[in-house]
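Scroll down for the structure; my scribbles are underneath it.
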Amino acid sequence: MALIILDRDGVIHEDSDSYIRSLADWHPIAGSIEAIAQLSVAGHQIAVATNQSGLGRGYFDLDDLEAIHSQLCDRVEQHGGVIAGIFYCPHRPEENCNCRKPRTGLLKAIEAELQQPVRNAFFVGDSMKDLQAAVASGARPILVTTGKGAKTLAQLNKGEGDLPAPDSVPVMPDLAAAAQYILAQG
C-alpha cells in the first residue's frame, strides 16, 4: 500500500485568504473527494498534511477544525475511500516550529504514525511550501494549479523556490487529474 500525501487548502477544497474557519467556508474542489476515494480504493494510503495557522491565530478553534476534517473524511467514505490520517500544524509562521511546511515535521509524523515511508511517496500540493517539504523529505511533488497553484507555477517558471529541478515537477490542473497521473504510474 503506497502512501500519498495531500495538502488540504487549495488542493482538496477551495482556499481562502480569510482562512477556512468553519464548515460554512468548506467547499470541495470539483472531483477532489472522488479522486481521494479512487486513490484509496486502488490501494493507496492517503494522508493529509496541512498548515493551519488560523488555529494559532484564534480564527477558529479545534472543534471547528475537527468538524471540517470529519466532514472531509465522511465525504470520502461515502465514495468508498478512507483517509488514513489528517496531520496539521497549528502554529503561526513566526513560531518557527518544525511541523510547519516547508519543514518536514508533519511528514515525519505521518511516517511514524502510519508506518509508511515518505520517501518516494507522491505529495500533491498547490504551494511552494508543499513542493519544498516534499523535496526535503524525499517525496515526489506534484503541483496542482488550483488554490495557490497558478502563482506557484509562475514562481517555478522563474526558477524560484530552490528546488533541485523545477521542470521535473509534474503540473496538473487539479487533484482529479493528479490522481489519474498517480494511478497511471502503476
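Things to note:
Listed here are the residues, each with its yes/no results for (1) at pLDDT 95 or above; (2) crowded, with 16+ Cβ neighbours inside 10 Å.
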{"position": "His91", "(1), (2)": "yes, yes"}
{"position": "Asn98", "(1), (2)": "yes, no"}
{"position": "Thr146", "(1), (2)": "yes, yes"}
{"position": "Gly161", "(1), (2)": "no, yes"}
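- Hey, Leu153 farther than 15 Å from Val48 by Cβ, in contact with a strand residue (DSSP E or B) (Cβ under 7 Å, 6 or more places away or on another chain), not in a strand (DSSP E or B) and not polar (S, T, N, Q) or not: yes
- Test set (1) crowded, with 20+ Cβ neighbours inside 10 Å; (2) small (Gly, Ala, Ser); (3) in a strand (DSSP E or B) - Ala35 fails condition number: (3)
- Scanning segment 41-68 for residues that are open to solvent by 20 Å² or more (accessible area, probe 1.4 Å) and not hydrophobic (A, V, I, L, M, F, W, C) yields Gly43, His44, Gln45, Asn51, Gly56, Arg57, Gly58, Tyr59, Asp61, Asp63, Asp64, Glu66.
- Complete set of residues in segment 15-30 that are under 15 Å from the mean Cα position of the chain (by Cα) and either farther than 14 Å from Thr50 by Cβ or not in a loop (DSSP other than H, G, I, E, B) (or both): Pro28, Ile29
- Search result, residues across segment 13-60 that are among the small types (Gly, Ala, Ser) and in contact (Cβ under 8 Å) with a residue 60 or more places away in the chain: Ala30, Gly31, Ser32, Ala35, Ala42, Ala47, Ala49
- Hey, Phe87 part of a strand (DSSP E or B), out of contact with any Gly (no Cβ under 6 Å at 6 or more places or on another chain) and free of Cβ contacts under 8 Å to residues at least 60 places away in the same chain or not: yes
- Residue within segment 131-148 that is in contact with a Pro (Cβ under 6 Å, 6 or more places away or on another chain), farther than 23 Å from Ile33 by Cα and touching a residue at least 40 places away in the same chain (Cβ under 8 Å) present: yes
- Among residues of segment 100-130 being in contact (Cβ under 8 Å) with a residue 60 or more places away in the chain and of a type in the set (Val, Ile, Thr), the one that is surrounded by the most Cβ atoms within 10 Å (Cβ to Cβ) is Val124.
- Pick from segment 163-186, criterion outside any loop (DSSP other than H, G, I, E, B) and open to solvent by 40 Å² or more (accessible area, probe 1.4 Å), ranking: modelled with the lowest pLDDT: Asp167
- Selection from segment 149-169 of residues that are closer than 18 Å to Ile36 by Cβ and either in contact with a Pro (Cβ under 8 Å, 6 or more places away or on another chain) or β-branched (Val, Ile, Thr) (or both): none
- In segment 69-83, the residues that are touching a residue at least 40 places away in the same chain (Cβ under 8 Å) and open to solvent by less than 40 Å² (accessible area, probe 1.4 Å): Leu72, Val76, Gly81, Ile83
The values are calculated or read from the model by the stated rules, or taken from the named source; none is laboratory data. In this text the structure is predicted, and so the values were computed from the model without any measurement. Methodologically, a virtual Cβ is constructed for each residue, glycine included, from the backbone with ideal geometry; neighbour enumeration extends over all protein chains shown. Please note that ligands, DNA and RNA were not included when accessible areas were found on the heavy atoms of the full protein model with its side chains. Shrake-Rupley method; radii C 1.70, N 1.55, O 1.52, S 1.80 Å.
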